[in-house]
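Structure first, then comments.
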Amino acid sequence: MKWLKGIAIALPVLVIAVFIGLATWEPFFAPTSEAPEYREYSAEIVRDEFGVPMIYGETDADVAYGVAIAHAQDDFFTLQDVAAMSKGRYGAIAGQDGATFDYVYHLLDARGTAERKYKTLPADTRALFEAYAAGLNQFASENPDEIKLSGLFPVNGEDMAAGFILRQPFFYGLGNVIAPLVAGDDLRREFGEDIPGFPRDPAAPAEAGGPAEDGTEEVAQRGGLVLPWGEEAEHLGSNAWAVTPERSGGPTTLISNAHQPLRGGVAWYELGVQSGEGWHFTGANFPGSPFPFLGHNENLGWTNTVNRPDMADVYQLEMNEAGTQYELDGEWRDLEEKTVTLPVKFGPLTLPIRSTIYRSVHGPVIKNDRGYFAIRYAAMDTIDQLDAYYRINKAENLEEWQAQMARMAIPSTNFIYADREGNIAYLYNAAIPDRPDLDEVQANWRGILPGNRSDLIWEGPVEYAEIPKLINPASGWLYNANNEPFTAAGEGSDLDPAAFSPVLGVERKQTNRSRRAYMLLSEAGQLDRAALERIKYDTAYVREGYVDRVWSELEASQMGDAWPDPEMIEARQLLLDWDFSADNKGPGDALALLIIRDFMGAEYNNKPWPDLQEKLGEAIAHLNEHFGSIDPPMSDLLRLRQGDVDLPLDGGSDTLRASTTWEVHEDGRLSLVHGDSFIQWTEWPADGSRVTSRSIQPFGAATTRPDSPHYTDQMQIYVDHGLKPVRFWDDDVRAHAASTQTVTNAR
């Protein structure tokens, strides 16, 4: 029996050894980055009364170094998440959800693209990213107690570039292609039609995936792949306006109202930059960027809304029996295959989950129960957007700005532009694939394409001249609210959709925000500040589209067997009597808020129409459980919460005052997580005097620093529809400086 005693002793030791191994293997297994080559940087960080930094430096690279340190001081927590995503290690922080990001990181070959393309960027652009990485590394080394993943630092410019490559395609909806392919579900494109060549299978399970052949769970191959980057996720949106001096009766006006998550990797961070090399800009960026993505300089500015043209094509491959080769033009080619390890954190352990990544000449390949499907998408294997964003930051006039946009380097998002000369412009910016203009019978670009024809594999985007754009329309105003580009400037000024090829795949959709903005702008006389404020904070719905469909269903509903519950009948009547405004004034506002979002999401994301009676029942149950009635004040239900601050909100999903998505807290309140986020209101006076702007964030500059005075200091202003001053000019920055700090890495 000695051997049993030996096993009894050895087994706990083995278990402990395995536990320690699973808890510690990932940092040693993960590839490391070399720190950028040493260069001395020095920056001055001057924070205003709201903690918003203006970063000064002799060179642009000095400023980028300071941007990293200032942002880390306010939100190093999120910057680490972005750095982990940029290295394919997010699963070691965020578990299975993070592993989804890591799977896509490998699927899109973000690292390989960065390695191939980073050195092709101009030297001054690379210098920005190297300096930014140096700033992150310095903050990490000086604050080791804040690091949440061992071995994450150092990072370098190539790492930051990989993060851009990973995230950008999801702003135009690539996740809506990848997710159903991974799950083996039906693809649904812009108009919600069945995809030719990919018919629906009523017998197909709602979720696909499960155990892989080797018995381990294939994390990224489960149903319900969630890729919540930017406005590709459900219910998301943005608004933007530009008005000429003639229509405003005063300044050229640019209103940026980009809707992003209020926290996380694509939440706006407000900042200003000023260098001795002429870079002077104020606006906002995302974690991981050395420059603002929107805002203004002395002469011009722009803002963005997400557009969703057809930017990706799907090809079904003809495979050999072994699944190792695919046919192309009558020849068999080897399917590239690579096994990657996804670190997936489960409690104290990080498990190594193996996943297989495939690639053909078309692009990344996804294998599911229906076959092998290759994806080719806009801006694949390119990195030029990093340079283009930097250049438009420093553009001085419309011609310079438009010359950079004409490169088609920034893959997507609408741009609304304005400048000190009184110009306004709308650009349906999209690096739309330059698809061969083939017979629809031969090639349905909205469907599943045959993967055995090389003539269907396009190269690069269409010409700049081919995409929709409007410059200085006769109406004197422009807007976008995630709608089609053919309603942008009012009757008589709008573009004709017939002038653009259907092969471009331009979306043809409206949102409630679009319908309201178009109506209010068209009906207005002078679009002065007061008129534009009324439009921006409008809380009404138009009874069109999905709203009309819901209320038509309510009106057509019969009492009796279909609506047996008296409270259901009462709720129905409350909605029929509703004034279609989420302004916190009507008794039906709370009920309508809970009802509308899912139907809006179904239309906007081409998803199945929800069951009205089921959704109404859920809303009734929620309100009764937490508020004791079905008609509480909406302000009791919808809240802006951060730390100990808890404030009432107005607006709804898809209203111009956007309270779009929320999480339900234990007390039944809805805590806003997405909607009006960074707002910036910019004016260039008609007399040629210098530009001024105002802005607001939902919480404050230091979103993950509870001990900071700027953790919640903008919340009341935000709730009150207010804006704070932007300190752009040096004399204003210095006059209102709450703190001044010089940072350097000098040895």
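Any idea which residue in segment 145-164 is nearest to the chain's Cα centre (by Cα), counting only those that are among the charged types (D, E, K, R) and surrounded by fewer than 21 Cβ atoms within 10 Å (Cβ to Cβ)?
Result: LYS148.
Can you go through GLN526, GLN510 and tell me which one is at pLDDT 90 or above, farther than 21 Å from ASN483 by Cβ, among the polar types (S, T, N, Q) and not in a helix (DSSP H, G or I)?
GLN526
With the structure loaded, tell me whether ILE630 is in contact (Cβ under 8 Å) with a residue 12 or more places away in the chain and open to solvent by less than 10 Å² (accessible area, probe 1.4 Å) or whether it fails that test.
In short, yes.
If you check LEU478 against the conditions, is it crowded, with 20+ Cβ neighbours inside 10 Å, modelled with pLDDT under 95 and not in a helix (DSSP H, G or I)?
When the stated conditions are applied, LEU478 does not pass them.
If you go through segment 266-292 one residue at a time, how many are open to solvent by less than 20 Å² (accessible area, probe 1.4 Å) and not in a strand (DSSP E or B)?
10
If you take the residues of segment 299-321 that are within 16 Å of the chain's Cα centre (by Cα) and modelled with pLDDT of 95 or more, which of them is farthest from GLY363 (Cα to Cα)?
My answer is THR303.
If only one of ALA94, ALA131, ALA127 is more than 22 Å from the chain's Cα centre (by Cα), within 20 Å of PHE76 (Cα to Cα) and in a helix (DSSP H, G or I), which one is it?
ALA131
Scan segment 325-336 and tell me whether some residue there is surrounded by 16 or more Cβ atoms within 10 Å (Cβ to Cβ) and under 19 Å from THR100 (Cα atoms).
Among the residues of segment 325-336, not one is surrounded by 16 or more Cβ atoms within 10 Å (Cβ to Cβ) and under 19 Å from THR100 (Cα atoms), which makes the answer no.
To keep it simple, each residue is scored yes or no on (1) assigned to a loop (DSSP other than H, G, I, E, B); (2) open to solvent by 10 Å² or more (accessible area, probe 1.4 Å); (3) at negative phi.
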site: ASP650; (1), (2), (3): yes, yes, yes
site: SER677; (1), (2), (3): no, no, yes
site: ASP687; (1), (2), (3): yes, yes, yes
site: ALA702; (1), (2), (3): yes, no, yes
site: TYR711; (1), (2), (3): yes, yes, yes
site: TYR718; (1), (2), (3): no, no, yes
site: PHE728; (1), (2), (3): yes, no, yes
site: ALA737; (1), (2), (3): yes, yes, yes
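When you go through VAL664, VAL691, VAL645 one by one, which is the residue that is of a type outside the set (Gly, Ala, Ser), open to solvent by 40 Å² or more (accessible area, probe 1.4 Å) and in contact with a His (Cβ under 9 Å, 6 or more places away or on another chain)?
Being of a type outside the set (Gly, Ala, Ser), open to solvent by 40 Å² or more (accessible area, probe 1.4 Å) and in contact with a His (Cβ under 9 Å, 6 or more places away or on another chain) holds for just one of VAL664, VAL691, VAL645, which is VAL664.
May I ask you to verify whether PHE77 is of a type in the set (Phe, Trp, Tyr) and open to solvent by 40 Å² or more (accessible area, probe 1.4 Å)?
Yes: the conditions hold for PHE77.
Testing VAL503 on (1) crowded, with 21+ Cβ neighbours inside 10 Å; (2) touching a Lys or Arg at 6+ places or on another chain (Cβ under 6 Å); (3) not polar (S, T, N, Q), one condition comes back false. Which one is that?
Going through the list (1) crowded, with 21+ Cβ neighbours inside 10 Å; (2) touching a Lys or Arg at 6+ places or on another chain (Cβ under 6 Å); (3) not polar (S, T, N, Q), VAL503 breaks only (1).
The values are calculated or read from the model by the stated rules, or taken from the named source; none is laboratory data. Since this is a predicted model, take the numbers as computed values, not measurements. Quick reminder, even Gly has a Cβ in these numbers, built from the backbone with ideal geometry, and neighbours come from all protein chains shown. Each accessible area value is taken on the protein alone, full model and side chains, heavy atoms only, with ligands, DNA and RNA left out. Shrake-Rupley method; radii C 1.70, N 1.55, O 1.52, S 1.80 Å.
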